[in-house]
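See below for the structure under consideration.
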Amino acid sequence: ESMSAAYVGLQKNISKNFFALVSLRMESTWQKGTNRLTSEVEIDKRYTDWFPSAYVSYKLNDKAQVSLQYSRSINRPSFWDLSNYKRRTSSVLYQCGNPDLQPDYSDDVQVELAYGNHSLAYSLSYSKDRITSWFEVMDGKTYVGVRNYGALTSHDLSYYYNGKILPWWSANASMGLT
């Protein structure tokens, strides 16, 4: 696997209370796999992707701040996932690769309100054509592999505290609902 990347980012204090950051990452990926026994090229995938991100924050007063963030990310399949082999892992279980497997992408948004040592954040994540496992039973043998299938939307609400409980006792605590 060979990857090249370039990154550019800009940040600016727009006013005393308003800050913004935007960035763009470009990645070019080349995955090539050759069968050592036959010298046949079994995997040859090339793709270029763009990953924008943005962050803005506004200071409401000396103790409170609200922020909004967006980012895009990638989950690349492994070489084993892309191979065209069936690997026997037991007398009844085989693992299968999928040369047609594509990476999956995720778009994430988060809004956060911070007040003193407390923070409350809501996150939303969406990805489609997820890399997922599949199982199939044929002739008493189980085959397991991966494929692109479906979409996933997830929500997360999190609370964070970072501060002193007593003069001699500091705490970092968090809890969340997903």
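The values are calculated or read from the model by the stated rules, or taken from the named source; none is laboratory data. Being a predicted model, the structure only gives us computed values, none of them experimental. Here Cβ is always computed from backbone atoms with ideal geometry, including for glycine, and neighbour counts include all displayed protein chains. When the accessible area is computed, the model is the full protein with side chains, heavy atoms only, and any ligands, DNA or RNA have been set aside. Shrake-Rupley method; radii C 1.70, N 1.55, O 1.52, S 1.80 Å.
Numerical summary
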| read-out | value |
| --- | --- |
| Those lysines that a straight Cα-Cα span of less than 23 Å connects to LYS128, excepting residues fewer than 8 apart in one chain | LYS45 |
| Karplus 3J(HN,Hα) series, Hz, for segment 149-161 with 6.51 cos²θ - 1.76 cosθ + 1.60 (x for Gly, Pro) | 7, x, 10, 9, 10, 10, 10, 9, 10, 10, 10, 10, 9 |
| Relative contact order, percent, segment 27-84 [alpha-carbon distance under 8 Å, six or more residues apart] | 27 percent |
| Average accessible area per residue (Å²) across the chain - probe 1.4 Å, nucleic acids and ligands excluded | 69 Å² |
| Cβ-defined net charge surrounding ASP108, 15 Å radius [Lys, Arg +1; Asp, Glu -1] | 0 |
| Eligible lysines near LYS16 by straight Cα distance, threshold 22 Å, same-chain separation 8 or greater | LYS59, LYS63 |
| Accessible area, probe 1.4 Å, largest first, for residues PHE19, PHE51, PHE79 | PHE79, PHE19, PHE51 |
| Extension gain (nm, one decimal) between LEU60 and LEU93, 0.36 nm per residue minus Cα-Cα | 6.0 nm |
| Additional length obtainable on full extension of the chain from ASN84 to GLN11, 0.36 nm per residue less Cα span | 21.7 nm |
| Overall form of the chain per C-alpha gyration tensor (a/c, 1.5; a/b vs b/c) | prolate |
| Residues with amide H under 5 Å from that of SER119, placed H, sequence gap 5 or more | TYR160 |
| Alpha carbon centroid spacing (whole Å) that separates segment 50-68 from segment 79-114 | 34 Å |
| Solvent-accessible area, 1.4 Å probe, carbon plus sulfur percent, for segment 29-81 | 51 percent |
| R0 of 30 Å, Cβ-Cβ distance MET3-ASN35: FRET efficiency to nearest 0.05 | 0.85 |
| Helix-only [θ]222 nm of the chain, DSSP H runs n ≥ 4, -39500 (n - 2.57) each, per residue, nearest 500 | -500 deg cm²/dmol |
| Mean separation of Cα contacts under 8 Å (6+ apart) over length of segment 1-145, as relative contact order % | 17 percent |
